[in-house]
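Quick note: the coordinates plus some simple rules give every number you see, no bench work behind them. None of the values given here were measured: they were computed from a predicted structure. Glycine gets a Cβ as well: all are built from the backbone with ideal geometry, and neighbour counts include every protein chain shown.
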Amino acid sequence: MSTLKRTEAERLLAEVPYRDRLRTVRMAMPSGMRPVSLRSLEEVGWFLEPSLRTLPGIRLENLADWIEKNFADLETADKLRRLTRESPSPAAACKAAWSVITARVEEARGVVDG
Amino acid sequence: MENKLYGFAGKILLVDLGAGTTTAVSSEKYRQWGGGHGLGSALFWDYCKDKTITDGRDPKNVMVVAASPFSGTNTPSAGGRCEVVGVGVGQYPVSWYTRSNFGGRFSATLKYAGWDAVVVMGRAREPVWLDIRNHEVAIRPAGKLWGTDTKTLQQKLWQRLLEEAGGMEGWYRLPGKRGPEYSTQKPAILCIGPAGEHQVAQGCLIHDSGNGAGQCGFGAVWGSKNLKAIAVQGSGAVAVADPAALAAARFAAKEHYAADFDNPDLRHWGPFGVPAWPVIFFDQPNEHRRVQACQGCIAGCRARFNVGYGNEVSCQETEWYSPHVIKWCKGDKQKASEIVYKTADLCNQLGLNSYPMGIGLDWLIGLREEGRLGPGKEIDSKLDWDKVGSLEFIRELLEALARGEDIGALVADGWVQGAIKAGREADWRSGKLLFTYWGMPEHGYDSRLELEWGYETLICDRDMNSHSINFIFWFVNISVIYGFKPRISAEKLVKVATDKMKPWVSGPEALDYATANMYSDAVMDMVRWHTFYSRFWKNSCLLCDFRWADLFNTNRPDLSGATASETAGEQVFWNAVTGEHLSFNDGIARGRRIWHLDNAIWALQGRHRDMMVFADYVYDKDCDTFEFPFYLWPCRNSAGEWEYTDLLHRRLDREKFEDWKTRFFKKEGLDPGSGRPTRAGLKEQGLEFVTAELERHKCLGREDKV
Ligand code: SF4
């Protein structure tokens, strides 16, 4: 059972204004690093989804700060901080972060959809 | 044997579109330049009567499509590449004499038809296409072919040429020495789409489905010349000086350096030995695919799918629109895949270079979010920007860009020019519009970190797009991202790689990108080596950038790559094909001479060292705008030991970089005050023949300063 209130869940599913977007990159060998702007948690989930062909270029500590600041979601931010410290590699951390974010979005959607 | 032009077809085709004539000249005089770029520069010098032009759409521009001695042979990952040179369109502040390159089978077919290069001059009175069937050449009216996209054009021409063959089902007819010859091989066609016809800066040249000479607006050059296509059919062969040596080198390359097909090492380091794998960056449409490659490639990087779209597309074109598409499709990758690959197809069909689009679209979306772009806004656009990410939107946007309408009118002469026109110059200077050098988008490697990329681009004419050194970044950083110990230590890697660069560099410090070493002579020598390597072995001999130079290779016990090796080095293939006795370093010296010839042309176009600068943000801001986690590169630490070090959070120092340029000019015998050629420097390079023209235009540099 989620402890999220409806207003919190709605905020987690919202999009931040363009000026507050998170600027990340997608790493594609040998094409290079391509800028990607993220504005919602849902987009962060899609961005982090493991792919055989490219890598998300992101500092999870900064992602955690961004989530805390823009979505007031300390719980998710702390989880990301922890797994950044504990994961054996950045790729493993991104994969774990993908699960965390996806689960959080699902949870919020569950609350909003009733 | 020495006198025969082994490797060369022997003739160059001169096409004067203004006069409507075609002429053949011997390749003999141009042999010294190799092929591809060197050949193209020498031909440009001889046939372009006014080298001061700075817009490729000027009718005085001369454009060369050039094969190399390797074209049409089985030299690994070289047989199908083709070079294009001439004055470009859309660069900033000046569209330089420049280059582009594409793969496939065009250059090989050109050779089989008996031609080493095609030189296109003047402007046709009406749209035409060039029909090359072995030695027979005709300039033919394009009629209704003008206005078609590149796919339709190629299909129509294939059909027409079949019909003209006389109805033998599936067989094309060519003139042979002893009467007609027949082939089932489809003509190789290089053509433009609507973007080229409308002469927009993003107009490119397309061959087959997905081979494009993208950068520098050569599609616009053809459009300005009223040239829609060149179709080539050839039934000849390439005379190879020592076929047994060529076969032996190919086998050696396969056995010692290439991937083991049955048991590939998926953690391999080095470009030559990677397994064949499509270089596509978004989930492919499905698993039903065939490998596709340029002619003679040892490890193809393309694919064809049974769904009928996305065939042969590769690299950046499979990724630039994807973040928007994923959002539009709400994470449904299957649906997104269709849009991403159809978008790549659309670009190719319209003959549009997709390279600037990812960054360009990012900028436009920002302007729209700020309320500056939209119907009746500061930047007027009637496109439905609420639908960014959809196929519908991208079709509209690409059509607009290709036809120079709506937002396409703003950027028709280039993106930086468009920003300036819109009063948004500050966006370019600040990096908001991430176009770093020569009015071109950052390639994806920040010039504040990846030094050879930035420095080399500035001493040349365009985003240099040569990955030999850059592969260091990829193999090291991917290992660390996945938590693997790097396969090669930093110390070993720099040693193995710089051993290949000797005597141009003195030792491993040439690859030390630490802040303390970033403006050093050692790094400068590495940049010189790589520039000249690329000018000859890649751009002139047409070895594919994805596979060469092979500086390190974990398929080898000594970790030393195929480059310069005695059994499978570049020079081994060259000598087997041409019968020359060229050393690996002789090739680099040729590349240096070619670069100096190019620099003479740039000088005539008005280049001065003050123009050779990055966008301001490179000097004004640290590299930490984006969230990538680290940029590891081999560096020496304070104890003098080599380790992989994060280069993030630094910028370029203007003064120190200017000093670097001064030292570079001096080392190359150029006037350090202007960067222009000097009489003595030209003599040293055997380029005395350009001196008079430079002098006439007052473009010779001062000797006393060198
Ligand atoms: S690696 Fe790709 S681009 Fe290079 S020659 Fe092979 S197929 Fe062509």
Let me know the charge dipole size of the protein assembly as shown about its Cα centre in debye, to the nearest 20, where only the beta-carbon of Lys, Arg (+1) and Asp, Glu (-1) is charged.
-> 1360 debye
Most exposed to least, judged by fewest other Cβ atoms within 10 Å, B:Arg372, B:Arg267 sort to B:Arg267, B:Arg372
19 Å reach of a label modelled at B:Lys4, 7 Å along Cα-to-Cβ, counting backbone N of the stretch B:206-241 | B:235-241
Along the positive direction of the dipole of the protein assembly as shown (beta-carbon charges: Lys, Arg +1; Asp, Glu -1; about the Cα centre), which of B:Met63, B:Ile132, A:Gly32 reaches farthest?
-> B:Ile132
Under a cut-off of 20 Å between alpha-carbon atoms, report the aspartates and glutamates in cross-link reach of B:Lys49, not counting same-chain residues fewer than 8 places apart.
-> B:Asp16, B:Asp58, B:Asp598, B:Glu688, B:Glu693, B:Glu695
Which net charge results for the neighbourhood of B:Thr645, defined as the other residues with beta-carbon distances under 10 angstrom from its beta-carbon, given Lys and Arg at +1 and Asp and Glu at -1?
-> -2
Partner chain coverage, peptide A:41-49 - average Cβ within 10 angstrom = 3
Ascending count of other beta-carbon atoms within 10 Å, so fewest first, for B:Cys294, B:Cys204 = B:Cys294, B:Cys204
Pairs from B:Lys500/B:Lys661; A:Lys95/B:Lys485; B:Lys151/B:Lys327; B:Lys144/B:Lys342; B:Lys151/B:Lys186 whose Cα-Cα separation, in the structure shown, is over 21 Å = B:Lys500/B:Lys661; B:Lys151/B:Lys327; B:Lys144/B:Lys342
Taking R0 as 56 Å, what's the FRET efficiency between B:His256 and A:Tyr18 from their Cβ-Cβ distance, rounded to 0.05?
-> 0.60
Step through the table entries B:Lys492/B:Lys666; B:Lys495/B:Lys656; B:Lys29/B:Lys683; B:Lys330/B:Lys387; B:Lys683/B:Lys705; B:Lys51/B:Lys705, compare each Cα-Cα distance with 21 Å, and write down the pairs that go over it.
-> B:Lys492/B:Lys666; B:Lys495/B:Lys656; B:Lys51/B:Lys705
Before anything else, pin down the relative contact order of the stretch B:619-706: Cα pairs under 8 Å, at least 6 apart, normalised by residue count, whole percent.
-> 22 percent
Hey, can you rank B:521-527, B:70-76 by average C-beta count inside 10 Å, highest first?
-> B:70-76, B:521-527
B:His581, B:His596 arranged by Cβ crowding within 10 Å, fewest neighbours leading | B:His581, B:His596
So what's the back-of-envelope 222 nm ellipticity for chain A, counting only DSSP H runs of four-plus at -39500 (n - 2.57) apiece and dividing by all residues, rounded to 500?
-> -17500 deg cm²/dmol
